[in-house]
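Written out below as structure tokens is the structure these notes cover.
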Amino acid sequence: MIMAKICLCFHVHQPVRLSRFSYFGIGSGDGANLDARYFDNGMNQHYFNKAADQCYLPTNKILQNLLDENRGKFRFSLSITGTLLEQAKKYRPEVVESFRNLCATGRVDVLDETFYHSLSSLYSDLSEFEAQVRMHNHLVRDLLGVSPQSFRNTEAIYSDRIAQAVEGLGYKAIITEGVDRILGWRSPNYVYRPQGCKDIKLLMRNYKLSDDVGFRFSAKSWKEWPLTADKYATWLSATPGQVVNLFMDYETFGEHHWKDTGILDFLAHLPSQAHKHDNLSFSTITEAAASYEPSDTISVPSEISWADAERNTSTWLGNRIQRACFSELEGLLPKLRKANDAQLWEAYRRLQTSDHLMYLSTKGMSDREVHNYFSPYKDSGPYDNFISFMNIISDFKNQVDSKIANASASQPARPSDEPAEIENETQKMLIA
Amino acid sequence: MLGWEFPPFASGGLGTHCFELTRALSALGVEIDFFMPKTSYDIQRPWLNVFQTDWGLFKPGEMQVDILPITYSGYGGASTQLQFNARKLAELAKSPGQSKSYDLGFFEAVGVYNHLAALLVEKKHSQKPYDVVHVHDWISAKAGIQISARTGLPLVSTVHSTEYDRTADLWPFDWILGVEKDMVCNSDQVITVSRRSAQLLLDRFGASPRKVSVIYNAIDSSKFPKHKEALRDSNGKAAKVVLYHGRLSVQKGVEFFLRAAQKVLSRDRSVKFLISGKGDLLPRLVEMAFDLGISENVMFLGYVSDDQLKRILCTSDVLVLPSVSEPFGIVALESMASGTPTIVSKTSGVSERVKNCLKVDFWDTDEMASKILSILSYRSLYEEMRENSITETASITWDEVARQTIDVYQKAMRSRFAAKAAMAMF
């Protein structure tokens, strides 16, 4: 029997949540502090503290113990967004410290992505996407002390075009959802090559085994409940293939499933139970990708993701109000370059976080429940969220316009639209 | 079933409700005799027997003078004008067999109707037994209570609104409250049109939660045209239109609508506000529009028929239901069925039922104005709400209401049966 590698990958993310913004707020005040104007930092701090106490700190502690006890035999990958790290630094520096300690073992692989968990990979001009990826790379090296070699895009959004762009940035592996309609008869448990790429390898999420933990772990109506580490390891051992990619929300541990469901104990016992099976070992994404040659080429002409039943981008761009916000934001890019102001850039990029669009979803009941679960605006629906978001975008446009007007009034126009900031970043953040 | 009105004789939502409910019940195999006061309209429909209750339906000697509703005046605190003229009624009762005018004053007419209806139902019940008596609101409650007491038939009542709602709890009429409380206490099952209305019965009338069921109103979406046409001013320029439709009373929160209108106009002077409906608040609202400096942009349409409303909805971009206290608010369903983006107050029953509308606190006129402006400014929002409103209301059917109502009938029958069985043990 071939040795199957278990690739655990945890997605760690918090958006910078928006304030409620009235139509009458558009164009009011002087807009000196855009952070306070658009973002509800009280709410952000509240959610961050909750997640830190219920999930990040206790789960990091368990993982640290597992790394220490298992002496190189336990390894995993993390994909942490820039918006999360930024908030951790601001609200709970000990969270950054504990992630840094995990990375210091040398057995944790951190994946790159867009700093802002944005949909910039879907813009027709990919330079904003590339800028956000470089920013993320820079932040991870700076805060966590490791240099990412593999990539996962926002919500595992993926297409041939995105894979090619990511290969162009020098990454060795990219991960996405093992979508049935793409795989066909093929198994997600092998290493693949994206269509049109030469070097980068593609790993696909085993959604069945991932969701057994992520979604179903605490469902008492599930026939496999209660799921023990022992039973789960047996399933992993019986899974044919080279790699079993288990990608899940980090908040699975302690937030989506509370501590009293036994989820943390499950995690704490998983390595020792897995090691009882001779054919199982743990591996990071980058190591697994390096271990195998691609079994086949996978072609994904239009975007897939790991979200909802459709596994496409309809979670964020499924209706008119979502697409309206998305195209407003994309359309602002040339103006941002022209205004070239650090505060405007930062607000602009935070507005691109995909969560803001997810809160505008009007999909049918089952998905709606999932979206409501994640929405911080409990008392309001997608239309309210749209109004507030679009009011912010409208106000932001005014801010950008007045910046441009002021700049051109005080100094002659620069000959080029290309912003100095991006050029510097590009030079600074080239991947090793 | 006992009601007060039935189309084409209808002044409010109660008539439409009875029309749609009986039709849907009949389609599910329920046979219905419907009792209402005598009118000059021909109301007979193929799915039910309508009895326009009248002295003329009785033969001489059938009417007992001693059970005339003299006790109706027995509620403490009721003003003397409510005291029924017992002698006058007794006089009328001596000569049945011929139609007589109900021209007795509103409360006396209600008393006479209830009394006659109760007698008529008892008479029919003795010929061919009924299974359930169903009454709507206080206006037919007394008859239901009497029939149930004298025949042992289970009583189901639907509370469309209470006196607390109709007066925004400012000056409720004790006498009517008394009838409503009587109705709730004496019913085997009570139907309310929203959770908030059910809660009110529990809190204010001491109703037992076990006998209260919530059945939301529905809509026949096919009756509402979905197209839009622009309302043009004298220069042919299309105007954006925000509509209020309903009674002009304190309960309906029309004043908040006007305050929001002023705020909308501070941003966009071209918006027109239509106020359709009549009511005792009209003079105050006209004055208020003038004082707010917006009378040029506010049009009072007066009474508007059902057909006219459908046409007005076609020209409207937003409908607002700003009610302070609203057991349901069926106009929101009508608006959504016509594809008009709709804003409802959180204190309306309909806000519990529908998803594809915007919800505001009636007093938060800043928020109300912000939402109106957003719908008018953001085309994507307008289109998305329009499409989803039409889809959602298409699935809110009277058939579903009828099914739930039959469940309540069965509950009422079972509770009577169980009570009888318990009595038999002693």
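Here is how the numbers come out for the structure above:
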quantity	calculated
Subset of the stretch A:211-257 (residues that are of a type in the set (Gly, Ala, Ser), in a loop (DSSP other than H, G, I, E, B) and touching a residue at least 24 places away in the same chain (Cβ under 8 Å))	A:Ser218, A:Gly241, A:Gly254
Considering residues of the stretch A:127-156 that are among the hydrophobic types (A, V, I, L, M, F, W, C) and touching a Leu at 6+ places or on another chain (Cβ under 7 Å) only, the residue surrounded by the most Cβ atoms within 10 Å (Cβ to Cβ)	A:Phe151
The stretch B:343-380, residues that are part of a loop (DSSP other than H, G, I, E, B) and more than 11 Å from chain A (Cβ to nearest Cβ)	B:Thr347, B:Gly349, B:Phe362, B:Trp363
Residue check for A:Asn406: within 14 Å of chain B (Cβ to nearest Cβ), in a helix (DSSP H, G or I) and either modelled with pLDDT under 95 or surrounded by 20 or more Cβ atoms within 10 Å (Cβ to Cβ) (or both)	no
Enumeration of residues in the stretch A:383-400 that are within 10 Å of chain B (Cβ to nearest Cβ) and charged (D, E, K, R)	A:Asp384
Residue count, the stretch A:285-311 (criterion: within 30 Å of B:Met385 (Cβ to Cβ), surrounded by fewer than 19 Cβ atoms within 10 Å (Cβ to Cβ) and of a type in the set (S, T, N, Q))	1
Which numbered condition B:Ser338 fails, given (1) small (Gly, Ala, Ser); (2) within 14 Å of another protein chain (Cβ to nearest Cβ); (3) touching a residue at least 60 places away in the same chain (Cβ under 8 Å)	(2)
From the options B:Ser266, B:Ser295, B:Ser249, B:Ser276, residue that is touching a His at 6+ places or on another chain (Cβ under 7 Å) and assigned by TED's automatic domain parsing to the domain that holds B:Val318	B:Ser276
Residues that are in contact with a helix residue (DSSP H, G or I) (Cβ under 8 Å, 6 or more places away or on another chain) and more than 23 Å from B:Ser161 (Cα to Cα), drawn from the stretch B:303-336	B:Lys310, B:Leu313, B:Ser316, B:Asp317, B:Val318
Matching residues in the stretch B:390-402 - criterion: being of a type in the set (Val, Ile, Thr) and either surrounded by fewer than 24 Cβ atoms within 10 Å (Cβ to Cβ) or not in a helix (DSSP H, G or I) (or both)	B:Ile390, B:Thr391, B:Ile396, B:Thr397, B:Val401
The listed residue being touching a strand residue (DSSP E or B) at 6+ places or on another chain (Cβ under 8 Å) and either without any contact (Cβ under 8 Å) to a residue 60 or more places away in the chain or among the small types (Gly, Ala, Ser) (or both), out of B:Arg232, B:Arg195, B:Arg210	B:Arg232
Residues of the stretch B:165-189 satisfying the condition of being surrounded by 22 or more Cβ atoms within 10 Å (Cβ to Cβ) and farther than 18 Å from B:Asn114 by Cβ	B:Asp165, B:Asp188, B:Gln189
Residue count for the stretch A:76-115, restricted to those that are basic (Lys, Arg) and in contact with a Gly (Cβ under 9 Å, 6 or more places away or on another chain)	2
Boolean, A:Asn340 is over 24 Å from A:Arg161 (Cβ atoms) and more than 14 Å from every other protein chain (Cβ to nearest Cβ)	yes
Residue under evaluation B:Tyr113, criteria (1) over 13 Å from B:Asp33 (Cβ atoms); (2) outside any helix (DSSP H, G or I), criterion not met	(2)
A:Arg20 vs. criteria in a helix (DSSP H, G or I), closer than 30 Å to B:Ser266 by Cβ and of a type in the set (Lys, Arg)	no
Residue check for A:Arg37: buried (at least 16 other Cβ atoms within 10 Å of the Cβ), in a helix (DSSP H, G or I), modelled with pLDDT of 95 or more and not acidic (Asp, Glu)	yes
Residue check, A:Gln322 more than 14 Å from chain B (Cβ to nearest Cβ), at pLDDT 95 or above and buried (at least 22 other Cβ atoms within 10 Å of the Cβ)	no
Any hit, the stretch B:142-165, residues being part of a helix (DSSP H, G or I), among the small types (Gly, Ala, Ser) and under 17 Å from the mean Cα position of the chain (by Cα)	no
Enumeration of residues in the stretch B:322-342 that are among the hydrophobic types (A, V, I, L, M, F, W, C), in a loop (DSSP other than H, G, I, E, B) and under 21 Å from B:Glu20 (Cα atoms)	B:Phe328
Residue satisfying all of: in the stretch A:71-106; in a loop (DSSP other than H, G, I, E, B) and surrounded by fewer than 19 Cβ atoms within 10 Å (Cβ to Cβ); modelled with the lowest pLDDT among these	A:Arg71
Among (1) within 11 Å of another protein chain (Cβ to nearest Cβ); (2) buried (at least 20 other Cβ atoms within 10 Å of the Cβ); (3) not β-branched (Val, Ile, Thr), the one test that B:Glu387 misses	(2)
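Residues are listed down the side, and each one gets a yes or a no for (1) away from every other protein chain (no Cβ under 14 Å); (2) β-branched (Val, Ile, Thr); (3) under 23 Å from the mean Cα position of the chain (by Cα):
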| position | (1), (2), (3) |
| --- | --- |
| A:Pro15 | yes, no, yes |
| A:Ser22 | no, no, no |
| A:Tyr38 | yes, no, yes |
| A:Phe48 | yes, no, yes |
| A:Asn60 | yes, no, yes |
| A:Asp68 | yes, no, no |
| A:Val95 | yes, yes, yes |
| A:Arg100 | yes, no, yes |
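To keep it simple, each residue is scored yes or no on (1) in contact with a strand residue (DSSP E or B) (Cβ under 7 Å, 6 or more places away or on another chain); (2) aliphatic (A, V, I, L, M); (3) free of Cβ contacts under 8 Å to residues at least 60 places away in the same chain.
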| residue | (1), (2), (3) |
| --- | --- |
| A:Gln273 | no, no, yes |
| A:His277 | no, no, yes |
| A:Thr286 | yes, no, no |
| A:Pro301 | no, no, no |
| A:Trp306 | yes, no, no |
| A:Glu310 | no, no, yes |
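The values are calculated or read from the model by the stated rules, or taken from the named source; none is laboratory data. Quick caveat: nothing in here was measured; it's all calculated off a predicted structure. Ideal geometry is used to build each Cβ from the backbone, glycine not excepted, and the neighbour counts take in all protein chains shown.
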